[in-house]
Amino acid sequence: MPHLTTDDGVSLYYEETGTGSPIVFVHEFAGDTRSWEPQVRVLARRHRCIAFNARGFPPSDVPDNAARYSQDRARDDIRSVMDALGIELAHVVGLSMGGFATLHFGLAYPQRALSLVVAGVGYGAEAGEREKFMHEADVIAAVLRKDGMAAFAEAYSGGPTRVQFQNKDPRAFAEFKAMLAEHSAVGSACTQQGVQKARPSVYALEAQMAALTVPTLIITGDEDWPCLAPNVFMKRVIPAAALLVVPNTGHTVNLEESEIFNRAVADFIAQAEAGRWPRRDPRAMSASITGMK
């Protein structure tokens with residue numbers, strides 16, 4: 001099993017397939033490297049695809065102290081993966097927890113990013129949802145430590161933005177839930193309290209995002225309710241961002257609608273590599289609805 005070591009000494013499991021310009025995949029809280037299989041199978045035909053398990057997700061190391069986990073650490077673990085594999089520049093594709101890490105990576109290290117795919121990002125971002133989200137992170141951590149991973153997976157997979165996947169593709173959903181049940185309860189609890197609970201809202205990043213010129217594709221399902229308003233906000237603020245909203249789709253958009261996701265990401269990367277991904281024309285942000293004053 002291939003592993004690499006981060007700059008703070010944590011061993012991360014990774015998988016690598018294909019040749020060409022690199023794509024680094026960063027998984028969600030309920031996922032791991034296997035979550036990206038529908039993307040790697042397609043995109044590795046033209047790209048060097050790297051997926052890795054975040055700290056806390058075996059066979060990566062599972063530090064048992066939540067202080068070893070943070071949004072900044074998740075961001076820098078992407079950099080550690082690239083450094084260990086000799087990759088100077090990469091397209092970075094992240095979902096949910098991985099999408100937040102991808103966004104923060106682009107903000108901190110824009111010189112290392114060919115492009116950013118920020119999917120399923122927004123949970124806990126809105127002002128009225130912050131306290132609820134932080135409370136739920138503590139609840140989730142407590143349930144994980146008390147009841148274990150299998151019981152948690154049974155409950156968590158039936159959440160309001162996961163049922164769309166279950167209804168649409170029961171077989172793929174069952175595989176997703178079974179893989180979630182194999183995760184580490186300790187690592188998942190530490191991730192909830194160290195990364196999820198403590199991360200800043202995207203609304204607090206407005207000034208940084210306004211200066212981000214890396215080509216960015218934001219993707220969400222239209223039934224991923226916590227992401228809709230934050231995604232429109234990010235689209236408006238990031239000058240090189242486009243927004244794709246996938247109809248009748250929940251949170252796990254890359255699994256639930258993998259063909260749509262793959263086509264969008266492949267086209268986006270091709271445009272970015274050709275230098276054809278635009279920045280917003282300032283005239284599009286006029287205070288006038290029609291352009292007439």
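Each reported figure results from applying straightforward, stated rules to the coordinates on display, with no laboratory input. In this text, all values refer to a predicted model and were calculated from it rather than measured experimentally. Cβ atoms come from the backbone with ideal geometry, glycine included; neighbour counts cover every protein chain shown.
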Förster-model FRET efficiency, 30 Å R0, E131 and A229, C-beta, rounded to 0.05: 0.95
Kirkwood hydrodynamic radius, region 1-109, all distinct C-alpha pairs: what's the number in Å? 13.6 Å
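Could you calculate the contour length gain from E154 to D169, that is, 0.36 nm times the residue separation minus the distance between their Cα atoms, to one decimal place in nm? Mind dumping the intermediate values first?
Details: separation 15, 0.36 × 15 = 5.40 nm, distance 1.68 nm.
Taking 0.36 nm per residue and subtracting the Cα distance, the gain is 3.7 nm.
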Relative to the longest principal axis of the chain, what angle (0 to 90°, nearest 10) does the C-alpha long axis of helix 97-108 take? 50 degrees
Give me the distance in nm between label points sitting 7 Å out from Cα along the Cα-to-Cβ direction at D222 and E182, one decimal. 3.5 nm
Under a point spin-label approximation (7 Å from Cα along Cα-to-Cβ), what is the T213-T5 distance to one decimal in nm? 3.8 nm
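Provide the packing ranking of 117-124, 175-182, i.e. peptides ordered by the mean count of other C-beta atoms within 10 Å per residue, highest first. If you can, show how the numbers build up before the last one.
Details: 117-124: 26.8, 175-182: 16.8.
Output ranking for 117-124, 175-182: 117-124, 175-182.
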Relative contact order of the chain: what whole-number percent is it, with Cα pairs under 8 angstrom and at least 6 residues apart? 19 percent
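Please say if region 145-255 is rounded, prolate or oblate, where rounded means a/c under 1.5 for a ≥ b ≥ c the square roots of the C-alpha gyration tensor eigenvalues, and otherwise the choice is prolate for a/b larger than b/c and oblate otherwise?
Numbers: a/c = 2.78, a/b = 1.49, b/c = 1.87.
It comes out oblate by the Cα gyration axes.
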Share of Cα-Cα pairs in region 3-278 beyond 27 Å, whole percent, is 32 percent
Report the Cα centroid-to-centroid distance between region 195-253 and region 47-85 in angstrom, as an integer. 22 Å
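Any idea how many Lys pairs in the chain come in under 22 angstrom at the alpha carbon, given 8 or more places apart or on separate chains?
Final tally of qualifying lysine pairs is 5.
As a footprinting exposure proxy, order F261, F233 by other Cβ within 10 Å, with the fewest listed first. It would help to have the intermediate numbers written out before the result.
Values: F261 25, F233 20.
Final ranking by Cβ density, sparse to dense: F233, F261.
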Taking a point 7 angstrom from the Cα of A266 along the C-beta vector, which residues in region 33-60 have backbone N less than 16 Å away? 37-49
